[in-house]
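Data block below; observations after.
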Amino acid sequence: MSEFIPPYPKRLKKLPGPLELLKLARHDLLSIWPESAYDRQFIQFKLANRSLIIANHPEIVRYTLVENHANYQRKSGLVKKILAPLLGDSLFISDGEQWARRRAIDDLMLTSQTQANANAAMVKTVGEWGQKWMGLNGSRLEVLPEMKQLAATVVCRILFDESITADRVNDLREMFADYFESIEQLDLNTLFGLPNWLPRKKSGKADGHIKRIHDWVDKIIAGQTSNNKQTSLLSAYLGAPSDNPSNPGLSPEQIRNGLIGFYLAGHETTANTLAWAWYLISQCPEVERKLHEELDGLGERPATVADLDHLVYTVAIIKETLRLYPPLPLLIREAVAADTIRNRPIPAGSFLFVVPWLLHRHKQYWDKPDHFMPERFLPTAPSPQPFSYVPFSVGPRACPGENLGLQLTTLCFANLAKNFRLEAAQGYAILPLSRLLLRPNHAMPMRLVWRPHPA
Ligand code: HEM
């Protein structure tokens, strides 16, 4: 088993005071946790008169996100405030009735039919990527942007149109990059429930970027009809039943909101996971060797969804990557009504934090929690304690794209790792960093090396 301990930020000796916490959180949400947070089961403290709870025990995760979901399903004001102009009634930022209606429709969209078509889009796109990489043998690649481009292309082909070109996808990516640039530091105060008078960074540019993104998507929607032979999620939406019995179907705006939500939720999460997986195996020759051994069993043909049950070591690497570097390391909810947890009063309006980053590295739930050990996810290994491993969250608000996300990440990784190795460039100290999503602190430069298929 690998003895490799991949990088993580320095841990504090104790929980910082409010101002220090805010200062640290502005830069990185992973650096705010003291060593004791990786050993405690429940943390509660006050910040600017609001109660904050860290649900750091699997049973509390189950209670809040599953059993008492109705009381903890509301997203924090921050997420809604930032994303509402872009996402409208999309799942991410809806609560209550609106969320339940939207969730029923969106779950229907991710049916097996759509997944079968997703498989074709994945295999086709990663095949094109392999062709491109053949011409880059020996070159230096910036792996993070490369994986973002790959994931965005696959996701756009699943969502919009299977023949969409990488150039068109790049236009959309640039628009989103500009949009996030304009909002990135907005309102960490709101995240911690701080009052409005504290200074906030604002940007007036976001509206223009949102309009460009909406125009891009609207143009694609306008170009498709429900009865053409497309197999994308958009075509499924065009034929979807309405959430309002008096309307014949979803409005173009509702369709746009769903598609943008899926794009946003689906591509950076998978791209970051892929980038970390490449980094992790580049540091562990033994893991890389076992991976190649498994992938070589496929012969010359590409892996498809049908192979995933057999690619147990490849899947284990991806699951272990999601444990060590969960793309969403911090989930935030607001308590609708007062409650009691572990005999402690939880006032209405408290912020509940479920922190995969802490749960996944908790000393009481994992053996060698900071080690990279894919073997812990092999089918023969004991399963992790329920609700201690939550990269896709749990309960009614868990990720609806879990299957798709796992398939997409594993197939892209398998089909590229089968024919190529990536060697980490020297002189870069990699660290995870999170404002909202968890990502590496730089673009992850690596050297691409072609791996001939064994005779
Ligand atoms: C490795 C890949 C992925 C990871 C780790 C991931 C993780 C998550 C997590 C943790 C949540 C809950 C967020 C919260 O409670 O605040 C979530 C929600 C969501 N995810 Fe994913 N996701 C991934 C891929 C995808 C894909 C491929 C799609 C669809 C194309 C998707 C669509 C969504 C949507 C729409 C929600 C909001 C659900 C709701 O609020 O009801 N995700 N995801």
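Some notes on this structure:
- Dipole moment magnitude, nearest 20 debye, the chain about Cα centre, only Lys, Arg, Asp, Glu C-beta charged: 1280 debye
- Relative contact order, percent, the chain [alpha-carbon distance under 8 Å, six or more residues apart]: 27 percent
- Local electrostatic count at ILE32 - Lys and Arg +1, Asp and Glu -1, tallied over other residues with Cβ under 11 Å: +1
- Cα gyration tensor, the chain - rounded (a/c under 1.5), prolate or oblate: oblate
- Between GLN131, LEU52, ALA381, the Cα set farthest toward the positive side of the dipole of the chain (charges on each charged residue's Cβ, about the Cα centre) is that of LEU52.
- Estimated FRET transfer efficiency when R0 is 35 angstrom, pair GLU67-ALA381 (beta carbons, to 0.05): 0.80
- Amide H contacts under 5 Å for PHE420: ARG451, restricted to partners 5 or more places along the chain or on a different chain, H placed in the peptide plane at 1.01 Å from N.
- In this structure, the pairs whose alpha-carbon distance is over 32 Å, taken from LYS13/LYS290; LYS81/LYS148; LYS23/LYS81; LYS10/LYS132; LYS10/LYS211, are LYS13/LYS290; LYS10/LYS132; LYS10/LYS211.
- A cut-off under 10 angstrom between Cβ atoms defines the neighbours of ASN272, and their net charge, with Lys, Arg +1 and Asp, Glu -1, is +1.
- Simple label model, 7 Å out from Cα along Cβ direction - ASP178 to ASN49, nm: 4.1 nm
- Subtracting the Cα-Cα distance of ALA116 and GLU3 from their residue separation scaled by 0.36 nm leaves 36.9 nm.
- Taking other residues whose beta carbon is less than 9 angstrom from the beta carbon of SER2, and scoring Lys, Arg as +1 and Asp, Glu as -1, yields -3.
- Extended-chain gain in nm, criterion 0.36 nm per residue less alpha-carbon gap, ARG103 and GLN364: 90.5 nm
- Sparse-neighbourhood loop sites, GluC sites (Glu not before Pro) in region 267-363 - DSSP loop, at most 12 other Cβ within 10 angstrom: GLU300
- Mean separation of Cα contacts under 8 Å (6+ apart) over length of region 83-189, as relative contact order %: 18 percent
- Applied to region 439-446, the Karplus parametrisation 6.51 cos²θ - 1.76 cosθ + 1.60 on θ = phi - 60° returns per-residue 3J(HN,Hα) values of 9, x, 6, 8, 6, 6, x, 9 Hz, with x for Gly and Pro.
- When you restrict to C-alpha pairs under 8 Å that are six or more residues apart and normalise by the size of region 1-101, the relative contact order lands at 15 percent.
Only the coordinates and a few stated rules stand behind these numbers; no lab work does. Note that the structure is predicted; figures quoted are calculated from it, not measured. Glycine also receives a Cβ, built like all others from the backbone with ideal geometry; neighbour counts cover every protein chain displayed.
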